[in-house]
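Notes for the one structure printed next.
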Amino acid sequence: MDPLLPLLREDGAWLAVDKPPGLPVVPGRRDHPQACVRRLLEIRRKEPLWVVHRLDRDTSGVLLLARTPAAHRTLCMAFEAGAVEKTYLALVRGEPPAPEGVVDVPLHAARKGKTRPARPGEPGARPAATVWRVLRRWDRPAGAVCLVEARPRTGRTHQVRVHLRYLGCPLALDPLYGGAARDLALVRTPLHAAILVFSDPTAGTRVRLESPLPADLASAIGSLEAERPPGDGGARTVSDLPPGAGGGWPG
């Protein structure tokens, strides 16, 4: 397996890889047709694969692909029905209005591939809901930065990014949706697909896949930890957090 696409797990119907940031799942209009996760895997594995869901180009983490048309249909229907549990970790600028909650705001397609909150009763709006929880907060001279867990109940384009911005806490770096905490030395949107839970399309058993926190986000969090004044107990360390995705990160 390509070291840039580490295999998380596979069976006869599907496989899951740990997608790196910077690589699209399928090629965009300006991308080389071979420069995407699906095609690289097909070439290296010498088998056709079907895309079940997508992660944004700069989002890292668990990516599921089908190995058969039947599995593709079943898994796509599960995603569409909201039967798949998804957990993301996000570094955001600012903080949500409460320690946890649900943002239930319909979304609408916008110009240039973007998404925006829909106006009340607007035609074409699609229901969207995201559960959030603040895992950690750092108070900084330029404003608070938080590590947020986001669990989208639906699968709209850029849903987590738009809902976090709606809450007043966009991703710490996000050229499309307003994040600008550039002093964190981030070079991509700090969003990580940490956990994916779904039913195996053949056996029907529940499968849980986890992706460890990638090095760039771990480094950014380490820098935030290093800024804490001595004796400041306001931000918990990794070992203080509940077990879960990313080798000890919450899920």
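The values are calculated or read from the model by the stated rules, or taken from the named source; none is laboratory data. In this text the structure is predicted, and so the values were computed from the model without any measurement. Heads up, the Cβs are rebuilt from the backbone with ideal geometry, glycines too, and the neighbour counts pull from every protein chain shown. Areas reflect the complete protein model, heavy atoms only, side chains present, ligands, DNA and RNA absent. Shrake-Rupley method; radii C 1.70, N 1.55, O 1.52, S 1.80 Å.
Numbers at a glance
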| item | result |
| --- | --- |
| By accessible area with a 1.4 Å probe, ligands and nucleic acids excluded, highest first: order of His163, His108 | His108, His163 |
| 10 Å beta-carbon shell around Arg133, net charge (K/R +1, D/E -1) | -1 |
| Rg/Rg_ref, segment 1-91, where Rg_ref = 2.2 N^0.38 Å and atoms are Cα | 1.05 |
| Per residue, in Å², the accessible surface of the chain once ligands and nucleic acids are set aside, probe 1.4 Å | 49 |
| Intensity falloff of segment 18-158 expressed as log10 I(q)/I(0), Debye formula with alpha-carbon point scatterers, at q = 0.16, 0.20 Å⁻¹ | -1.05, -1.34 |
| Qualifying trypsin sites (Lys or Arg not before Pro) for segment 12-53 [loop in DSSP, other Cβ within 10 Å: at most 13] | Arg29, Arg30, Lys46 |
| Radius, Kirkwood style, for the chain when every pair of distinct Cα atoms is counted (Å) | 18.9 |
| Ranking by accessible area, most exposed first, for Glu149, Glu210, Glu227 with a 1.4 Å probe | Glu227, Glu210, Glu149 |
| Accessible-area value, Leu191, 1.4 Å probe, nucleic acids and ligands omitted, Å² | 10 |
| Calculated FRET value between Ala203 and Phe79, using beta carbons and R₀ = 25 Å, to 0.05 | 0.85 |
| Total charge dipole magnitude, the chain, about the Cα centre, Cβ charges on Lys, Arg, Asp, Glu only, Debye to nearest 20 | 920 |
| By accessible area with a 1.4 Å probe, ligands and nucleic acids excluded, highest first: order of Phe79, Phe198 | Phe79, Phe198 |
| Candidate lysines for bridging to Lys112, where Cα separation is under 25 Å - those fewer than 8 sequence places away on the same chain excluded | Lys19 |
| Calculated on alpha-carbon atoms, Rg and Dmax of segment 84-162 in Å | 13.7, 42 |
